[in-house]
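See below for the structure under consideration.
The values are calculated or read from the model by the stated rules, or taken from the named source; none is laboratory data. None of the values given here were measured: they were computed from a predicted structure. Every residue, glycine among them, receives a Cβ derived from its backbone with ideal geometry; neighbour counts consider all protein chains shown. The area values use the complete protein model at the heavy-atom level, side chains included, leaving out ligands, DNA and RNA. Shrake-Rupley method; radii C 1.70, N 1.55, O 1.52, S 1.80 Å.
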Amino acid sequence: MASSCSLFHSSLSSKSKSKFPLPRHQNNTKFNRPPPTVISCTSSSTYDPCPSTTSSNSNSPSPLKSGRLADENIRDEARRHRSIANNTFSAKYVPFNAGPDSTESYSLDEIVYRSLSGGLLDVQHDIEALKKFDGAYWRELFDSRVGKTTWPYGSGVWSKKEWVLPEIDPDDIVSAFEGNSNLFWAERYGKQFLGMNDLWVKHCGISHTGSFKDLGMTVLVSQVNRLRKLKPPVVGVGCASTGDTSAALSAYCAAAGIPSIVFLPANKISIAQLIQPIANGAFVLSIDTDFDGCMKLIREVTSELPIYLANSLNSLRLEGQKRAAIEILQQFDWEVPDWVIVPGGNLGNIYAFYKGFKMCQELGLVDREPRLVCSQAANANPLYLCYKSGWIQFKAVKANTTFASAIQIGDPVSIDRAVYALKNSNGIVEEATEEELMDAMAQADSTGMFICPHTGVALSALIKLRNSGVIAAGDRTVVVSTAHGLKFSQSKVDYHSKKIPDMACRFANPPVQVKADFGSVMDVLKKYLGNKTPNH
Ligand SMILES: Cc1ncc(COP(=O)(O)O)c(C=O)c1O
Ligand SMILES: N[C@@H](CCOP(=O)(O)O)C(=O)O
């Protein structure tokens, strides 16, 4: 931490004379300068995406039962399986939603977050190359990799490597074998509260750092790991965060030995989230502003210093996150659900889901896409307001305090991506008041889950759409749970202690204080049991 500190302080003082590569096309007024030199390299990866088609050295000792040699680790094994054939697949940055005449594109080895016009970028895969294999091929390949420890396919993200970062060498990959998260059948919750029997909760928060951010961060940090071997180096990786991006960034960077820098809005994230980057050795700045203020600062800073931007403005992140959509289809044996409901803040994830579903349809793994719902906290609802205006007008808002603190965002960077995803999936936007989201969370918890308030926001949308008949009782519906409930225990403590001003906390279940004697304990138990009827 001390060395990081001095490194960045000295860099800050030499602000205008940076000799490091700077990102292209920052569209902040401060960034109106000619695009600086960027680093670029031609990919020479020769890794064969399909291990079954590779051959190993015939002079090598005989493999162990697992396929690994006696003195090999899983990375060594992957290295031995490298093919001499050229990699068939590739991807590049292009302007997001560019017209057919656009020729602007960048190698993924360039440091670029914005297009020449200042718009967002997207990672575009060589779809024609991917289409040389049919849907059945891809389904079978992906299915064959689930539940294995083969590097890097044991990861739910890298099991789809050809669709994520096809050209990266497995040696550069930084992975915690993220993904492969539980798709939970919400049997009791669905039946009891919504009359549904095909309701599922995709637990993306049951993950290495407790949120879906791991899915995108393994991709971003792996690419940084690769870039750092090129000249000149990327010194560190930075983000603004409401607590989950920072946790994922710091963990993946720590695993790879890369410095991470996180900008956090002071007193606006949970204690669990605050301690995550601290424990992982990140350089943590607690800044007296909100998330939108931190986001503005990190964009300015990353245009001046050799710090790679890790927020979802960087379209690499979404390549990892889109994989959750593919995994949902896979978990349903490639059947498409009717609805997928996602809580939205900075709005990268809703587009990532759209993109994952779209790719599966385009490449013939499935024949349609689900309808998407994005749900926001009413206290931070710029997308909802835009949707209500008939998509006519987007206006950033001042985000107010919400228990769903990770989505307390008023000026989402991916607004254009979200609008595109929702328009193209016949999507819907909903909002949830504080009471609605906390009640939904408490009810879900009472059926055996332990969800975060953001998942409460998504469930509130489901409740509204069921009540209005938009979502039918028999519709197969997936609610995306984005973080682990344990990160947000304080909100549950407040709710169950009925300590929240102007909130009835109708489903609170406070502990009963009882004297330490047999009679007193028997009295309260008899009263409790008397109120219960057996539940068949
Ligand atoms: C727990 C949680 N849920 C939902 C979101 C919203 O995701 P996005 O910013 O991609 O809309 C975030 C972060 O913003 C988050 O941390
Ligand atoms: N909830 C996020 C907010 C930033 O989103 P990002 O996807 O753009 O990094 C967080 O946890 O920081």
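A Cβ distance below 7 Å, combined with a sequence gap of six or more or placement on separate chains, defines the contacts here; from segment 275-295, residues that are among the hydroxyl-bearing types (Ser, Thr, Tyr) reach residues that are surrounded by fewer than 21 Cβ atoms within 10 Å (Cβ to Cβ) and not in a strand (DSSP E or B) in the pairs Ser286/Ala266. Summed over segment 230-252, the residues that are in a loop (DSSP other than H, G, I, E, B) and not small (Gly, Ala, Ser) give a count of 7. Looking at segment 232-250, is at least one residue free of Cβ contacts under 8 Å to residues at least 60 places away in the same chain, more than 13 Å from ligand 1 (Cβ to nearest atom) and not basic (Lys, Arg)? Checked segment 232-250: at least one residue is free of Cβ contacts under 8 Å to residues at least 60 places away in the same chain, more than 13 Å from ligand 1 (Cβ to nearest atom) and not basic (Lys, Arg).
Taking the condition within 22 Å of the chain's Cα centre (by Cα) and either within 14 Å of Glu362 (Cβ to Cβ) or open to solvent by 10 Å² or more (accessible area, probe 1.4 Å) (or both), does Trp163 pass? Spelling it out, Trp163 is indeed within 22 Å of the chain's Cα centre (by Cα) and either within 14 Å of Glu362 (Cβ to Cβ) or open to solvent by 10 Å² or more (accessible area, probe 1.4 Å) (or both).
This table checks each residue for (1) over 19 Å from Thr401 (Cβ atoms); (2) surrounded by 16 or more Cβ atoms within 10 Å (Cβ to Cβ).
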{"position": "Val480", "(1), (2)": "yes, yes"}
{"position": "Gly485", "(1), (2)": "yes, yes"}
{"position": "Ser491", "(1), (2)": "no, yes"}
{"position": "Asn509", "(1), (2)": "yes, no"}
{"position": "Lys515", "(1), (2)": "yes, no"}
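Listed here are the residues, each with its yes/no results for (1) closer than 24 Å to Asp494 by Cβ; (2) crowded, with 24+ Cβ neighbours inside 10 Å; (3) of a type in the set (A, V, I, L, M, F, W, C); (4) within 16 Å of ligand 2 (Cβ to nearest atom).
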position: Ile428; (1), (2), (3), (4): no, no, yes, no
position: Leu437; (1), (2), (3), (4): yes, yes, yes, yes
position: Ala442; (1), (2), (3), (4): yes, no, yes, no
position: Thr447; (1), (2), (3), (4): yes, no, no, no
position: Phe450; (1), (2), (3), (4): yes, no, yes, no
position: Pro453; (1), (2), (3), (4): yes, yes, no, yes
position: Ala461; (1), (2), (3), (4): yes, yes, yes, no
position: Leu465; (1), (2), (3), (4): no, no, yes, no
position: Ile471; (1), (2), (3), (4): no, yes, yes, no
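Listed conditions (1) within 15 Å of ligand 1 (Cβ to nearest atom); (2) part of a strand (DSSP E or B) are all met by Ile298, apart from (2). Within segment 251-291, the set of residues being open to solvent by 30 Å² or more (accessible area, probe 1.4 Å), within 13 Å of ligand 1 (Cβ to nearest atom) and not aliphatic (A, V, I, L, M) comprises Lys268, Gln276. Just one of (1) more than 10 Å from the chain's Cα centre (by Cα); (2) within 11 Å of ligand 2 (Cβ to nearest atom); (3) among the basic types (Lys, Arg) fails for Lys202. It is (2).
If I ask for residues that are open to solvent by less than 10 Å² (accessible area, probe 1.4 Å), of a type in the set (Phe, Trp, Tyr) and under 25 Å from Gly243 (Cβ atoms), which ones from segment 352-364 would you list? Residue satisfying the conditions is Phe353 alone.
Candidates Glu319, Glu304, Glu369: the one that is free of Cβ contacts under 8 Å to residues at least 60 places away in the same chain and touching a helix residue (DSSP H, G or I) at 6+ places or on another chain (Cβ under 6 Å) is Glu369. Elements of the type helices (runs of 4 or more DSSP H) sitting completely within segment 110-222 and holding at least 1 residues that are more than 30 Å from Phe96 (Cβ to Cβ) and in contact with a Phe, Trp or Tyr (Cβ under 9 Å, 6 or more places away or on another chain): these cover 135-145. When the residues of segment 232-250 are filtered to those that are farther than 24 Å from Asp292 by Cβ and of a type in the set (A, V, I, L, M), the one that is surrounded by the fewest Cβ atoms within 10 Å (Cβ to Cβ) is Val235. For Leu313, are the conditions met, namely being assigned to a loop (DSSP other than H, G, I, E, B) and within 16 Å of ligand 1 (Cβ to nearest atom)? Judged against the criteria, Leu313 is a match.
Consider Lys229 carefully, then state whether it is touching a Ser or Thr at 6+ places or on another chain (Cβ under 7 Å) and open to solvent by 30 Å² or more (accessible area, probe 1.4 Å). No: the conditions fail for Lys229. Can you find a residue in segment 408-421 that is farther than 13 Å from Ala377 by Cβ, more than 16 Å from ligand 2 (Cβ to nearest atom) and crowded, with 24+ Cβ neighbours inside 10 Å? Checked against the condition, which is being farther than 13 Å from Ala377 by Cβ, more than 16 Å from ligand 2 (Cβ to nearest atom) and crowded, with 24+ Cβ neighbours inside 10 Å, segment 408-421 yields no hits at all.
Within segment 336-395, being more than 16 Å from ligand 2 (Cβ to nearest atom), assigned to a loop (DSSP other than H, G, I, E, B) and among the hydrophobic types (A, V, I, L, M, F, W, C) holds for Val336, Leu363, Leu365, Val366, Trp391, Ile392, Phe394.
Criterion first (without any contact (Cβ under 8 Å) to a residue 24 or more places away in the chain and not basic (Lys, Arg)) does Gly530 satisfy it? Against the criterion (without any contact (Cβ under 8 Å) to a residue 24 or more places away in the chain and not basic (Lys, Arg)), Gly530 qualifies.
Residues in segment 324-345 that are farther than 22 Å from Pro382 by Cα and within 14 Å of ligand 1 (Cβ to nearest atom): Ala324, Ala325. The set of residues from segment 426-467 being among the polar types (S, T, N, Q) and more than 15 Å from ligand 1 (Cβ to nearest atom) comprises Asn426, Thr433, Gln443, Ser446, Thr447, Asn467. For beta carbons closer than 6 Å, sequence separation of 6+ or different chains, a first residue in segment 442-454 that is at positive phi and a second that is open to solvent by less than 10 Å² (accessible area, probe 1.4 Å) and in a helix (DSSP H, G or I), there are no qualifying pairs.
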